[in-house]
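The values are calculated or read from the model by the stated rules, or taken from the named source; none is laboratory data. Model, not experiment: these values are computed from the prediction. Ideal geometry is used to build each Cβ from the backbone, glycine not excepted, and the neighbour counts take in all protein chains shown.
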Amino acid sequence: MPLRPVFGDHPGSTSEQVLSVLRSVRRHLAMDVGFISEFVAGDRVIRFSDVGGPAPNPVVVGTSAPLEQSFCYYVAKGLMPGLMPDAARDPVAGTMPVTRDMPVGAHLSVPLRHADGEPYGTLCCFSYTPDRSLTARDLGMLRLCADMVESILSRDRDAAREREGKRRRIAALLDTQAIEMVFQPIYRTADASLAAFEALARFPSPPGQGPDIWFADAAEVGLGEQLEFLALRKALAAFPALPAGVKLSVNLSPSALAAPGLIEALGDAPSERLVIELTEHAAVASYEQLRAVLDPLRARGLFLAIDDVGAGHATLRHVLDLAPEIIKLDMSLIRHIDTHSGRRALTEALTGYGRRIGCEIVAEGVETQAEYAVLRGIGVTRVQGFLTGRPLSLDAAAALPPVGPAALEGASEG
């Protein structure tokens with residue numbers, strides 16, 4: 001069976017583009033009805049339809065009939081001409097009940113094919129009465145529009161195949177649970193002590209396909225929550241090996257937090273050592289509903305962090321509406337903060353706001369001692385980045401000493 005396009009109804013979607021072409025050619029040819037059919041398992045299925053005037057549409061999208069009962073089949077087979085000014089006079093069309101019952105007067109039809117030559121169906125226009133003014137030029141216009149429709153459908157077909165490839169890849173990953181977790185240390189600036197680890201997923205990725213792409217692909221094909229919960233369970237399994245008292249930070253999207261499987265995925269993890277980082281990359285549909293999910297968990301001791309603060313306006317809304325215990329400053333603010341006055345000013349403002357509402361402030365992506373010195377002077381309370389430690393295997397993370405590396409010792413604002 002050929003792949004059928006997945007059509008949306010938003011402006012500029014495949015559906016809107018195809019309907020625009022269909023409507024334009026129907027009007028140009030002064031036909032009463034225009035439609036596009038697909039050949040599926042011996043049937044002609046109506047995929048798009050457009051009519052002129054207030055009369056009911058006799059060609060309803062989604063309806064089907066055996067191919068042998070339609071003009072589409074005979075035109076595609078070359079057994080009926082693509083242009084019939086009066087269908088009743090054609091030796092094949094004139095014997096078909098639809099010609100009389102519809103009725104079909106003038107009829108134009110051209111086959112539609114995918115880029116690889118595989119048949120898709122037909123693009124057809126007809127009027128209820130004969131029209132002997134139609135010429136081969138009109139059929140050529142229909143063929144030109146059919147070329148446009150073929151291009152649109154082929155792009156959508158390619159996209160559908162790509163989505164199916166993503167779905168299969170994600171499903172296989174879920175079946176094999178082929179995710180590895182690594183743990184990046186987070187240190188206190190006050191005394192350089194180890195405060196937490198952020199659990200980060202690592203995938204058997206082809207070149208150029210990092211974790212963000214895996215999670216984005218999973219969300220696109222409807223498997224986002226399953227993949228997030230798999231990573232969550234893998235991260236929580238590390239608790240027994242991590243140093244006592246050190247927190248574990250895990251990333252979850254708003255949709256995963258609102259999903260029914262969240263409580264089961266959390267299991268019996270120690271809430272007082274667990275931090276959930278709400279990511280910037282997905283919109284929050286309802287802050288009220290999200291608070292309803294988070295409030296019972298936070299009442300048990302769980303901490304909420306807003307990730308990537310400063311990278312976009314959504315994170316500021318998260319901070320205002322969810323009152324987190326932890327604000328994580330995006331690495332785009334931190335990079336070269338020692339030489340960039342604008343980044344420093346915004347970081348100072350966010351840090352000051354965080355202190356006033358009682359938040360811990362974590363700076364992500366710290367790479368140099370100069371950056372660290374400025375952050376410590378500003379009042380950032382936690383740091384994370386390559387300066388203090390790259391993501392580690394669980395064994396390496398469990399073996400870290402309670403006090404951070406020499407890079408954190410004796411640094412002062414430059």
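Given the stretch 290-364, what strands (runs of 3 or more DSSP E) lie entirely inside it while holding 1 or more residues that are of a type in the set (Lys, Arg)?
Of the strands (runs of 3 or more DSSP E) lying wholly inside the stretch 290-364, those with at least 1 residues that are of a type in the set (Lys, Arg) span 326-329.
Residues in the stretch 288-332 that are within 15 Å of Val380 (Cα to Cα) and over 26 Å from the mean Cα position of the chain (by Cα) were compared, and the one that is surrounded by the most Cβ atoms within 10 Å (Cβ to Cβ) is Ile326.
With respect to being more than 20 Å from Gln384 (Cα to Cα), modelled with pLDDT under 95, under 25 Å from the mean Cα position of the chain (by Cα) and not assigned by TED's automatic domain parsing to the domain that holds Phe303, Gly208 falls outside the description.
If you check Pro243 against the conditions, is it within 25 Å of Gln384 (Cβ to Cβ) and surrounded by fewer than 18 Cβ atoms within 10 Å (Cβ to Cβ)? Even if it seems obvious, please write down each step before you answer.
Numbers: within 25 Å of Gln384 (Cβ to Cβ): yes; surrounded by fewer than 18 Cβ atoms within 10 Å (Cβ to Cβ): yes.
Yes; evaluated as a whole, the condition is true for this residue.
When we screen Asp50, Asp90, Asp32 for residues that are closer than 21 Å to Leu19 by Cβ, more than 39 Å from the chain's Cα centre (by Cα) and not basic (Lys, Arg), the only hit is Asp32. Screening Ala235 with (1) part of a helix (DSSP H, G or I); (2) closer than 30 Å to Leu375 by Cα; (3) at pLDDT below 95 gives one miss only, at (3). When the stretch 41-87 is filtered for residues that are in a strand (DSSP E or B) and in contact with a Cys (Cβ under 7 Å, 6 or more places away or on another chain), only Arg44 remains.
The set of residues in the stretch 141-195 that are assigned by TED's automatic domain parsing to the domain that holds Ala219, farther than 30 Å from Leu227 by Cα and surrounded by 13 or more Cβ atoms within 10 Å (Cβ to Cβ) comprises Arg188, Thr189, Ala192, Ser193. The residues on offer are Ala258, Ala349, and the sole one that is of a type in the set (Gly, Ala, Ser) and modelled with pLDDT of 90 or more is Ala349. Evaluate the following for Ala406: is it more than 33 Å from the chain's Cα centre (by Cα), modelled with pLDDT of 95 or more and over 25 Å from Thr279 (Cβ atoms)? Spelling it out, it is not the case that Ala406 is more than 33 Å from the chain's Cα centre (by Cα), modelled with pLDDT of 95 or more and over 25 Å from Thr279 (Cβ atoms).
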